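Here's the structure we're looking at; comments come further down.
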Amino acid sequence: MALELLSVEQDGQWVIRAKGEVDLYASPDLRAAILKAVSDPRGGVAVDLSQVEYMDSSGVATLVEGLKSAGQRKVSFSLLAPSQAVMKVLQLSRLDSVFDIRESL
Amino acid sequence: MAASNDNDIIIEVRDLVVKYGDRTVLDGINFQVRRGEIFVILGGSGCGKSTLLRNLVGLMRPYSGRILINGQDFTAMNDEERTDARKRMGMCFQGSALFGSMSVGDNVALPLREHTRLEESTIEIMTKIKLELVGLGGFGDFLPAELSGGMKKRAGLARAMAMDPEIIFYDEPSAGLDPIVAAGLDGLIRKMQHTFNLTSVVVTHEMESVKQIADTVCMLERGRIVGLGALEELRALDYPYVQQFFARRAQDESQIDSAEYLRSLTGLE
């Protein structure tokens, strides 16, 4: 399933809702959405990963880039309700403790 | 082997025949590889196992027969389709096949730079993740010549993993390594399987490795399959070559076919 992205402003911050598969071919789109939000962050940026069915290492790397970019701008960056598929790759990459992971905003 | 539905089968080989000139090297090979398993191709030197691997990864075209990858006929694909299908496969070469003039990190990043539109910043992070995964975090700037044999193998594995493949093919992964390093590599192959549900096809003649990693073993002798199943099933086979292999008994050189020997020397029928 292709990746669908929707950026909405919610409770004073950007929420990027991702749905589908984040793979080598879709990651650049997620990257663009994250970096755009980070450049105009409002109260912060959150990536909703609850409907992501598959994520490979390019998706993980993209999230790390988002975290780095947000850190440089002193913007809060969180992951919302990552699906099991996402949690698994985050844990395997030992990055689950690096991100601010929340169940909701 | 347990019954599988079609979705569980990631590789299927049907009636594969491979020839070098007039010489038949693989003769009527049939097997299936289940998604997520470690499938070991085992056999002595010259049995055809490396030739089989070269056919599975599309480096050779068979004389006849079919190789289905995810249900698609790999042998019937044109070059462009095969290149595309190969992006979902990783290959760990026996000698690691790293580019000596490039750093380890650049070696790992190469497939991503060649085949994706990912930004360099994303590729750099992915490369570091892959090197961490194989225990080579911090070695990205090293040249291959500065690594030990075991580290080179792990770097080769990191490169094979670069594109997040579905299947990884290993050609003699433990060859030339001491037992401790070889055991570490076996552990890594298992870790990749558990972590990513990766399907692994491993060509080897190292029995210790087979014991550690194999879910299914396909044993070849002179280009034919003489045993296919779990290791214990193969052990129980009442077949001289299989028993000889497991017992590590040398070939009795005195048992030669004198007529065949004379023919080979003189060419006379």
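The values are calculated or read from the model by the stated rules, or taken from the named source; none is laboratory data. Bear in mind that the values here come from a model prediction, so they are computed numbers and not experimental data. Heads up, the Cβs are rebuilt from the backbone with ideal geometry, glycines too, and the neighbour counts pull from every protein chain shown. Calculation scope for accessible area: heavy atoms of the full protein, side chains included, ligands and nucleic acids excluded. Shrake-Rupley method; radii C 1.70, N 1.55, O 1.52, S 1.80 Å.
Round to a whole angstrom and tell me the spacing of the C-alpha centers of region A:73-88 and region B:135-183. Using only Cα atoms, the two centres lie 31 Å from each other.
Beyond 23 Å, how much of the Cα-Cα pair distribution for chain B remains, as a whole percent? Distances greater than 23 Å cover 56 percent of the Cα pairs. Taking the average, over residues, of other Cβ atoms within 10 Å as the packing measure, peptides A:72-79, B:257-264 rank A:72-79, B:257-264 from highest down.
Per the Cα gyration tensor, the protein assembly as shown maps to an equivalent ellipsoid with semi-axes of 46, 21, 19 Å, ordered largest to smallest. Under 5 Å between amide hydrogens, built in the peptide plane, is the criterion, and for B:Met91 it picks out B:Phe169 among residues at least 5 positions away or on other chains.
Could you let me know the centre-to-centre spacing of region A:1-69 and region B:77-91, using Cα atoms, in angstrom? When both Cα centres are located, 29 Å separates them.
Annotation for region B:15-47 versus region B:185-227: alpha-carbon center distance of 14 Å. Of all DSSP beta bridges located in the protein assembly as shown, what percent are antiparallel, nearest 5? Expressed as a percentage, antiparallel bridges in the protein assembly as shown total about 45.
The charge dipole of chain A, taken about its Cα centre with unit charges on the Cβ of Lys, Arg, Asp and Glu (plus for the first two, minus for the last two), comes to roughly 360 debye. Inter-chain Cβ neighbour count for A:51-63, averaged per residue, equals 4 (cutoff 10 Å, partner chain atoms only).
Using the charge dipole of region B:1-96 (Lys, Arg: +1 at Cβ; Asp, Glu: -1 at Cβ; taken about the Cα centre), state which of B:Ile10, B:Leu59, B:Asn30 has its Cα farthest towards the positive end. Ranked along the dipole, the leading option is B:Leu59. The mean sequence distance of close C-alpha pairs (under 8 Å, at least 6 residues apart), as a share of the length of chain B, puts its relative contact order at 23 percent. Here, region A:4-102 has an Rg and a Dmax of 11.9, 32 Å when only alpha carbons are counted. The residues of region B:1-79 expose on average 47 square angstrom of accessible surface per residue, using a 1.4 Å probe on protein heavy atoms. At full extension, B:Glu232 and B:Ala247 could sit 4.0 nm farther apart than now, given 0.36 nm per residue minus the alpha carbon distance. Could you name the lysines whose alpha carbon sits less than 21 Å from that of B:Lys153, not counting residues in the same chain fewer than 8 places away? Cross-link targets: B:Lys49, B:Lys87, B:Lys128, B:Lys130, B:Lys191, B:Lys211.
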